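To start, the structure itself, in structure tokens.
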Amino acid sequence: MSDREEEAPEGREPECLLCRRSDADLDICGDKIQKHGICAHVFCLYFASILDQQGNERVGLQGFLPRDILHAVKRAAQTSCCICGQSGATISCCETDCDLSFHLPCAKQGGCVTQFIPPYSSYCPAHSPQQAVEATPEPGTECLICMEPVEDRKTFNTMVCPACKTTWFHRDCIQGQALRSGFSSFQCPICRNRPAFLGEMFTMGIRIPFRPPTWEENDAFAELLDRHRRCDASECFYPRGRQEAEEEGPWELLLCSCAAEVTLRHCSGLRGRDPPLTRPMSDREEEPPEVREPGKLPQPCRGAMVSLPSSMPAVSTEADPDMCGENLQINGLCVHKFCLYFASHLLHRAVDRVGLSVFTPRDILDVVSWAAQKTTIMENHTAFNELGDRHRHCDASECLFPGGRQEAEEEGPWELLLCSSCAAEGTPRHCSGLRDIITSWECDGCAGLGTASS
């Protein structure tokens, strides 16, 4: 029997044995577990100060033995809640020598902090952790989430992002955001910082569920992984029809670079192995397969689409995982998750868990090879070569070099020194009366008239 199979008597909502509430906020107290004649909220169990969890969560209620729960309730009957004044408070302040206790549903009302991560520490209002960041909201500052004004300083109900120090929000608002985003997507709404932001929110008692965001539930974006899979050749020769294909060989599907039309190799008379997504539906000469050294990938594009381990060709492995996603490693490839999804010429395969995420290793290698030969339009035709030109003209009032103003030597009295400030004028040492030990010089415009040769 599962933890929630035992139903309450018809017409009455069961009451949690620890907090004595039947209508407590389940987002804070957790789901109710009914088993062995006991009903309790998940987090009421975890935060109960005198309850010890067993190593196996299948034992009792989430690993808490029924006899231990009943014993804790009996002891708590003599303890009053510092917030509501009623007896049965099972959560005690973790601060040494503090004897205050409270119910979990009363915590937010009284300014108590409960940290929803092991070891599930709890603090009374007097000992609750405070945000250490030095920040004060400007007059008229609004909560970024509800757009209502915040208090004029940091309080239990008014909080600030510890990273950017400019994003202010109400406790209830950021708690709602955390419940919707889940751990995988929760971050500062403005600066999008995760490490410092998550740590601060956990410390300040914000519950962040360890699950994906609610907007991704029920395969909400599954259709984005669909791939065009119908042969669009004028005449399809595949015995099983236009809707079928094979993983490789003459009946493999090839997509046009627009991804709007597809053909089977044999249906369009294509031979050999064709570059991905770039071959139109017409015959081409068979291309020899690319020869790769075992264990190595082609040099990736400068957009760093693929991030490789240090044992592979040198590529930066320090990309921000918040931007590039987690590293996926399989079949000798190491690729950032979002680098895959944003790669312009890489197609999703129809079935998940094929290769890396929903991409085949062969497609990834082909696109990396293609990208290695591609340059951006702005870099074509040596467009920026002039930026590498250096001023090479002698600008002294009288040039003494026998070769003329356009010539200079690598060192010695005829070495050309550029103005150390503007680099727009130059002079050989001898033309401005500079000794060979002089390595720095400024033109008249930068140093003042009469000082250029000093």
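The values are calculated or read from the model by the stated rules, or taken from the named source; none is laboratory data. All values reported here derive from a predicted model rather than from experimental measurement. Neighbour counts are summed over all protein chains in view; Cβ atoms, including those assigned to glycine, are modelled from backbone coordinates with ideal geometry. SASA here: full protein model, heavy atoms, side chains in, ligands and nucleic acids out. Shrake-Rupley method; radii C 1.70, N 1.55, O 1.52, S 1.80 Å.
General observations
- Accessible area (Å², per residue) of the stretch 221-271, counting only protein heavy atoms and a probe of 1.4 Å: 62 Å²
- 11 Å beta-carbon shell around residue 439, net charge (K/R +1, D/E -1): -1
- Exceeding the 32 Å Cα-Cα cut-off - candidates 35/108; 35/337; 154/337: 35/337; 154/337
- Surface accessible to a 1.4 Å probe, residue 323 within the full protein complex, Å²: 130 Å²
- Whole-angstrom gap from the stretch 184-198 to the stretch 111-136, using each part's C-alpha centre: 19 Å
- Placed amide H near residue 64: partners under 5 Å, 5+ positions off or other chain: 54
- Potential extension, residue 99-residue 227 segment - 0.36 nm per residue separation minus Cα distance: 39.9 nm
- At the residue level, residue 120 shows approximately 50 square angstrom of accessible surface with a 1.4 angstrom probe and all protein chains present.
- Average accessible surface area per residue within the stretch 32-144, 1.4 Å rolling probe, Å²: 51 Å²
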